[in-house]
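Written below as structure tokens is the structure these notes are about.
The values are calculated or read from the model by the stated rules, or taken from the named source; none is laboratory data. What you are looking at is a predicted structure, and each value in this text was computed from that prediction instead of being measured. Methodologically, a virtual Cβ is constructed for each residue, glycine included, from the backbone with ideal geometry; neighbour enumeration extends over all protein chains shown. Surface accessibility is based on the protein's heavy atoms, side chains included, excluding ligands, DNA and RNA. Shrake-Rupley method; radii C 1.70, N 1.55, O 1.52, S 1.80 Å.
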Amino acid sequence: MKIFVIAEREQPVSELCAGARQFAEEVDLVALPTTQVVDGVADKVYRLEVPEGRMMEDAYVALANLIEQERPDAVFAESSRRIQLLLGRTAARVGGSVISNVNAMPGAKEASTMYFGGLANRKYKGEDGTTSFFFVRPATFPDAEPSGNNVEVMVPFVEPSYEVKRTEVGPRVKGDVDLPSAKRIVSVGRGIKEEKDLDMVRELCSLIDAELGCSRSIYEAENWLPKEALVGISGSTVVPDLYLTLGISGQAQHMVACDGATTIMCVNTDPYALIFEHSDYGSKADLYTVVPRMIEYFKAHPLK
Ligand SMILES: Cc1cc2nc3c(=O)[nH]c(=O)nc-3n(C[C@H](O)[C@H](O)[C@H](O)COP(=O)(O)OP(=O)(O)OC[C@H]3O[C@@H](n4cnc5c(N)ncnc54)[C@H](O)[C@@H]3O)c2cc1C
């Protein structure tokens, strides 16, 4: 059994290589120029060449050729935008099935994804004799360990039949959130009454060095925060040390993506809210009372 891993950030590189090692004798990492390669995680590291100024997805011909030559049984991938574009084109060329949003892998070619908004699971099996592509969510392989000698192999760029052209580059308008690697997250929900009230939560976040996340009510219904801040089956899965929710009810579609946090705390005025069942510590209180007090406290007692 041979599995390729393709990822960009350090954590998914390690996690996916570790998960692949549970099933495969050979685990090879395909590294983009942006990949943070971690020592000792794979047998080979295929360095995919992308010339300066070219889009990453244009490397799909070289990657498809590599897959056709090496015939991995599966590719485990981080769901970054670049990798989605690159693997979509690669899979179309080699004829492999693509399964996204995977949250459990009982076998190298068997995957489970959430269905009905997280109330049910759907199972998939990749066809034998083909390469199957799985986009795997964070924390799918909690107990696995990566290993390997990371033998470097260069994969030269192959010109595709048409080039993806970048027509404009501009600053990001909203948010620069990196929830999946955050150690502390304060997440806000419908309990926040007005957009301007996010300012006090942002102040709290800066005092405790936390990222700001949200429920779908705040991202989609109100559009007060960017998609990157959404926690849940439609957004990011997070595994911080601390997950503090303010005015979030605790519906399954939100909680399945943050239940892996080491400590969950909540502030909610409704003593029967589901969130209390998921929380290690809970305050049955108004967030408009609690947050200003927390700000006052952390101003007087700054974190070291
Ligand atoms: C297919 C599908 C996918 C979905 N994907 C996601 C997803 O990825 N992420 C997600 O979050 N949701 C998702 N949802 C929506 C989800 O089902 C819930 O509707 C949503 O999470 C509720 O958001 P909320 O907790 O902010 O709002 P509510 O459920 O309205 O809860 C607000 C809470 O705030 C409390 N509150 C009110 N005022 C205060 C106050 N002053 N102080 C303290 N507490 C207060 C209330 O008691 C209440 O418990 C999805 C739904 C479907 C069907």
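Which pairs in the list Lys196/Lys227; Lys193/Lys284; Lys284/Lys304; Lys2/Lys125 are over 20 Å apart, alpha-carbon to alpha-carbon? Walk me through the intermediate numbers first.
Values: Lys196/Lys227 18 Å; Lys193/Lys284 17 Å; Lys284/Lys304 28 Å; Lys2/Lys125 16 Å.
Going by Cα-Cα distance, Lys284/Lys304 fall outside the 20 Å limit.
Distances between placed amide hydrogens fall under 5 Å for Glu211 paired with Arg184, Ile185, Val186, all partners being 5 or more residues away or on another chain.
Accessible area, 1.4 Å probe, largest first: how do Lys123, Lys44, Lys193 sort?
In descending accessible area the options line up as Lys123, Lys193, Lys44.
Placing unit charges on the Cβ atoms of the charged side chains and taking the dipole of the stretch 1-123 about its Cα centre, the candidate lying farthest along the positive direction among Leu48, Asn65, Leu87 is Leu87. Taking a Cβ cut-off of under 13 Å around Phe157, the surrounding Lys, Arg, Asp and Glu residues balance to a net charge of -4, with basic ones at +1 and acidic ones at -1.
Remark: the stretch 2-155 carries a charge dipole of roughly 600 debye about the Cα centre, counting +1 on each Lys and Arg Cβ and -1 on each Asp and Glu Cβ. The mean accessible area for residues of the chain, using a 1.4 Å probe and ignoring ligands and nucleic acids, is 50 Å² per residue.
Basic side chains Lys and Arg get +1 at the Cβ, acidic Asp and Glu get -1 at the Cβ, and with that the dipole of the chain about its Cα centre reaches some 580 debye.
One decimal place: the segment Lys123-Glu195 gains 21.9 nm when fully extended, by the rule 0.36 nm per residue minus the C-alpha distance.
Amide H to amide H distances under 5 Å link Phe135 with Ala77, Ile99, Ser100, Asn101, Val102, where only residues 5 or more positions off or on other chains count and H is placed in the peptide plane.
For Lys299, the aspartates and glutamates whose Cα falls under 15 Å of its own Cα, not counting residues fewer than eight places away in the same chain, are Glu203, Asp209. Mean-square fluctuations from a GNM of the chain, with a 10 angstrom spring cutoff on Cα atoms, peak among Phe76, Phe276, Phe133 at Phe276. Carbon-plus-sulfur accessible fraction, the chain (probe radius 1.4 Å, protein heavy atoms only): 48%. Note on the chain: the C-alpha convex hull projects to 17.4 nm² when averaged across all orientations.
Note down the magnitude of the dipole of the stretch 231-303 about its Cα centre, charges +1 on Lys and Arg C-beta and -1 on Asp and Glu C-beta and zero elsewhere, to the nearest 20 debye.
My answer is approximately 180 debye.
Judged by the ratio a/c of the largest to the smallest principal axis of the C-alpha gyration tensor, the stretch 184-300 counts as rounded, that ratio being less than 1.5.
Based on the alpha-carbon gyration tensor of the stretch 1-149 and its eigenvalue square roots a ≥ b ≥ c, which shape applies: rounded if a/c is under 1.5, prolate if not and a/b is larger than b/c, or oblate? Judged from the Cα gyration tensor, the stretch 1-149 comes out rounded (a/c under 1.5). Among residues other than Met55 with Cβ under 14 Å from its Cβ, the summed charge is -1 (Lys and Arg +1, Asp and Glu -1). Size check on the stretch 58-132: the Cα extents along the three principal axes, sorted descending, read 40, 27, 15 Å.
With Cβ to Cβ distances under 15 Å as the rule, what net charge do the other residues near Leu242 carry (K, R +1; D, E -1)? Taking every other residue near Leu242 into account, the sum is -3. Size descriptor for the stretch 89-247, Kirkwood hydrodynamic radius: 19.1 Å (Cα pairs only, one decimal). Under a 5 Å amide H cut-off, with hydrogens placed 1.01 Å from N, Val41 pairs with Asn150 among residues at least 5 apart or on other chains.
Descending by average beta-carbon neighbour count within 10 Å, the peptides 135-147, 279-291, 3-15, 225-237 line up as 3-15, 225-237, 135-147, 279-291, the highest first.
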